[in-house]
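Since the structure comes first, as C-alpha cells, the remarks are kept for the end.
The values are calculated or read from the model by the stated rules, or taken from the named source; none is laboratory data. Only a predicted model underlies this, so the values are computations on that prediction, with no experimental measurement involved. Backbone-built Cβ (ideal geometry, glycine too); neighbour counts: all protein chains shown.
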Amino acid sequence: MYRLEIVKKNLKISREITNCVRKVIHRDLAARNVLLTDSNVVKICDFGLARHLYQNPDYIASGKGRFPVKWMAPESIFDKVYTTQTDIWSFGVLLWEIFSLGGSPYPGLQMDENFYSKLKEGYRMSPPEIAPPEIGDIMYDCWNDAPKERPPFSELEIKLGDLLAASTRLEYVEMNNPYEDMTAELEAQQQEHLKETALLLPANSLSKASRSRRHHLPKRRPLPRTPTNHQVCQTFIRPHWSDRVSQFV
C-alpha cells in the first residue's frame, strides 16, 4: 500500500510537469528545478538557460560553459542543439530521478570519454525498482535516438494521466483486500468449527433424535372420502315442488 501511494504521487507530479514545459525550451529540466507548494502544486524554476519556443524552436548554443550533461540529449551534447525533443529526453531522466526517489542519474558512471562513448553506442539506464513497467517504457521512448520519434509532452500527459487513473482504481482494490481476507478467514473458521462439532457427536445420535421427534408428532387424520354422484345430488339438488306441497297436506 505504501509503495502504491508513492507511485501515485510520483505520477501526479510527472503529469503536471509535462503541462508546465510545453511552451518553452527549458534546457535544464531536472528534479533540482522542480518545486512543490504546500498543496503539492508543481512549479518549474531556474529558467536561466530557457528559450521561448516560438522565438527559437531550434536553439544552437555558442560559447563555452558548464552544462548538465547527465540530463542532456545526445544532439545537445555533441551538436549543441536544443529543441522540445531534447527537453523530452531530459524529462525521461527526470522521471528516473522521481521514481528512484532522488537518485543521481547514471549511477556508477563517471562523466568522461567512456560515458560519451557508451551514450553513442545506445546505452540507457535501467528503470528504478519502484517504477511500474509502463513508466520504464515511457523513459525509453523519451530516450529514443531519433528526436522525432520521441513522444510529445501532450502525449506524455495523456499516458501519465491514464496510469494515474489506473493506480487510483488499484488503490481502492487493495483497500478492499483486507476485508475479503478477513471474511474468508471467518468462513474457514466456521467450517472448521462445524467439522469439529460433527466429530464430537455419536454416529447415530442424529438419527435417534430425528426418530424421537417423529414419535411425538400427532397422528394425521385420514382425508375424507370423495363423495359419489348420488351423494352430491342429494346434497345440492333442490327438492321437487311436489315434495314442498306434501309438507302442507
task = Search region 145-166 for residues that are within 21 Å of Val42 (Cα to Cα) and pair each with any residue that is outside any helix (DSSP H, G or I) and not small (Gly, Ala, Ser) when their beta-carbon atoms are under 9 Å apart and the residues are at least 6 apart or on different chains.
result = Pro152/Arg22; Phe153/Val21; Phe153/Arg22; Ser154/Arg22; Glu157/Arg22; Lys159/Pro151; Leu163/Pro132
remark   = Filtering region 1-44 for residues that are in contact with a helix residue (DSSP H, G or I) (Cβ under 8 Å, 6 or more places away or on another chain), under 15 Å from Glu157 (Cβ atoms) and basic (Lys, Arg) leaves a count of 3
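Which is closer than 14 Å to Ser14 by Cβ, at pLDDT below 95 and surrounded by fewer than 20 Cβ atoms within 10 Å (Cβ to Cβ), of Pro132, Pro151, Pro107? Steps first, please.
Numbers: Pro151 fails: at pLDDT below 95; Pro107 fails: closer than 14 Å to Ser14 by Cβ.
That would be Pro132, the only listed residue that is closer than 14 Å to Ser14 by Cβ, at pLDDT below 95 and surrounded by fewer than 20 Cβ atoms within 10 Å (Cβ to Cβ).
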request  = Taking the residues in region 82-103 that are polar (S, T, N, Q) and in contact with a strand residue (DSSP E or B) (Cβ under 8 Å, 6 or more places away or on another chain) as candidates, determine which candidate is farthest from Ile138 (Cα to Cα).
outcome  = Thr83
